[in-house]
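Worksheet: one structure, shown below.
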Amino acid sequence: MTAPLRLVLADDQELVRLGFRMVLDAQEDMTVVAEVGNGRDAVARATTGGGCDVVLMDIRMPVMDGVEATRRIVDSGSSAKVLVLTTFDLDEYVYAALHAGASGFLLKDAGPAELLAGIRAVHGGEAVVAPTATRRLLERFVPMLPITGEAASRARERLDVLTERELEVLTAIAQGHTNTEIAQQLWLAEPTVKTHVGHLLSKLNARDRVQLVVLAYDAGLVRPNP
């Protein structure tokens, strides 16, 4: 039998954590291993003491916010994935968390089915953000958080390992297209697109599809709409 997913709930509101825990503990394939009320404790629990598989991360918390906590978890090399919980989807803090390495975000008022599907998807290496939502976030907030010339140069250098076809697929991903749409746009079979996406993740050492989109914007491969 597969071990249940180990989850950490990071939210400074106890009632919010209680609500999530009631849903999560009812699942045979999930177990909540810790509840914390600030980002610092979330980092500690995700990177030490046996770690965890997925952190449900609130953005606004005392001591350390969810953005910085996400950055530290990712930078630590922990295998834990971060799923951001937010009240508003078009939020500069959500963008910052995705840029820091979060695998996606869900609204706090998401239904139980959406929450559970999101956790399982993130653990499986998928990104829990609708492509169009990622695009809207980036288009709105990239101009507010300008990338330095050095960072953009580093991002472009990372793309040097890609083939022309892989660059086309990456561009389409960053434009918010699904695999099905990319297949139609580039006259490819959908399994072939999935193979290209896998190659992109591997070559660029990206955790998931969201990170591919962020890298494409950092490198200037696509630009926010004016």
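The accessible area of D160, taken with all protein chains in place and a 1.4 Å probe, comes to roughly 120 Å². Peptide packing: for 191-202, 31-42, the average count of neighbouring Cβ atoms within 10 Å per residue gives the ranking 31-42, 191-202, highest mean first.
For the range 1-84, just say rounded, prolate or oblate: build the C-alpha gyration tensor, square-root its eigenvalues into a ≥ b ≥ c, call rounded for a/c under 1.5, and beyond that prolate if a/b exceeds b/c, oblate if not. Present the calculation step by step, with values, prior to reporting the outcome.
Values: a/c = 2.25, a/b = 1.20, b/c = 1.87.
Cα axes put the range 1-84 in the oblate bin.
Gain on full extension, evaluated as 0.36 nm per residue between L15 and T178 minus their Cα-Cα distance, stands at 55.1 nm.
Annotation for the range 44-107: chymotrypsin sites (Phe, Trp or Tyr not before Pro) lying in DSSP loop with at most 14 further Cβ atoms inside 10 Å of their Cβ are F88. In percent, rounded to a whole number, the relative contact order of the range 19-63 is 32, using alpha-carbon pairs under 8 Å and six or more apart. In summary, the aspartates and glutamates within cross-link reach of K194, defined as a Cα separation below 17 angstrom excluding same-chain residues under 8 places away, comprise E126, E164, E166, E168, E181, D208.
The values are calculated or read from the model by the stated rules, or taken from the named source; none is laboratory data. Here the structure is a predicted model, which means the values were calculated and not measured. FYI the Cβ positions are ideal-geometry reconstructions off the backbone, even for glycines, and counts take in every protein chain you see. Just the protein is used for accessible areas: all its heavy atoms, side chains included, with ligands, DNA and RNA removed. Shrake-Rupley method; radii C 1.70, N 1.55, O 1.52, S 1.80 Å.
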